[in-house]
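Please treat every number below as a calculation from the coordinates, not as lab data. Treat the numbers as computed from the prediction; the structure is a model and nothing was measured. Cβ coordinates were reconstructed from backbone atoms using ideal geometry, including for glycine residues, and neighbour counts include every protein chain displayed.
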Amino acid sequence: MATIGFIGLGNMGGPMAANLAKAGHQVKVFDLSEAALKAAAEHGCNVMGSAADAARDSEFVISMLPAGQHVEAVYLNGDTPLFDVISASALIIDSSTIDAATAKRLRRSLPNGG
């Protein structure tokens with residue numbers, strides 16, 4: 001089974017992470033909401049202290065965030081940007097509510113040039 005880092009446990013992300021854990025994957029999750037983290041833990045997910053901790057050493061990184069600025073913040077900025085810790089072989093799946101310009105900008109920011 002896969003190791004999956006999942007960032008964003010809202011109305012869509014929470015149930016998706018729970019289903020991945022139910023299927024037997026190791027799901028490392030992060031969200032700013034303590035309630036969302038508690039619910040994820042109750043469904044077998046491993047709660048991490050930061051988005052970077054969830055992404056580190058994951059084969060797949062899934063983000064499901066509210067808007068483009070949140071995606072840019074978590075992948076490019078902050079104490080530990082995700083692009084600094086995601087393995088070069090990991091598959092990144094961003095299912096956030098995001099505009100095309102931000103998605104293209106993020107792609108160009110990938111460490112390997114996208």
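Things to note:
- Count of residues meeting criterion [among the hydroxyl-bearing types (Ser, Thr, Tyr) and closer than 17 Å to PRO66 by Cβ] in the stretch 26-54: 1
- For ARG56: the one exception among (1) closer than 14 Å to ILE4 by Cβ; (2) touching a strand residue (DSSP E or B) at 6+ places or on another chain (Cβ under 7 Å): (2)
- If the condition is being surrounded by fewer than 22 Cβ atoms within 10 Å (Cβ to Cβ), within 17 Å of ASN11 (Cβ to Cβ) and touching a residue at least 24 places away in the same chain (Cβ under 8 Å), then the stretch 21-40 contributes SER33, ALA36, LEU37, ALA39.
- Any hit, the stretch 41-56, residues being in contact with a helix residue (DSSP H, G or I) (Cβ under 8 Å, 6 or more places away or on another chain), surrounded by 14 or more Cβ atoms within 10 Å (Cβ to Cβ) and at positive phi: yes
- Within the stretch 55-101, tally of residues that are in a loop (DSSP other than H, G, I, E, B), among the small types (Gly, Ala, Ser) and closer than 20 Å to MET16 by Cβ: 5
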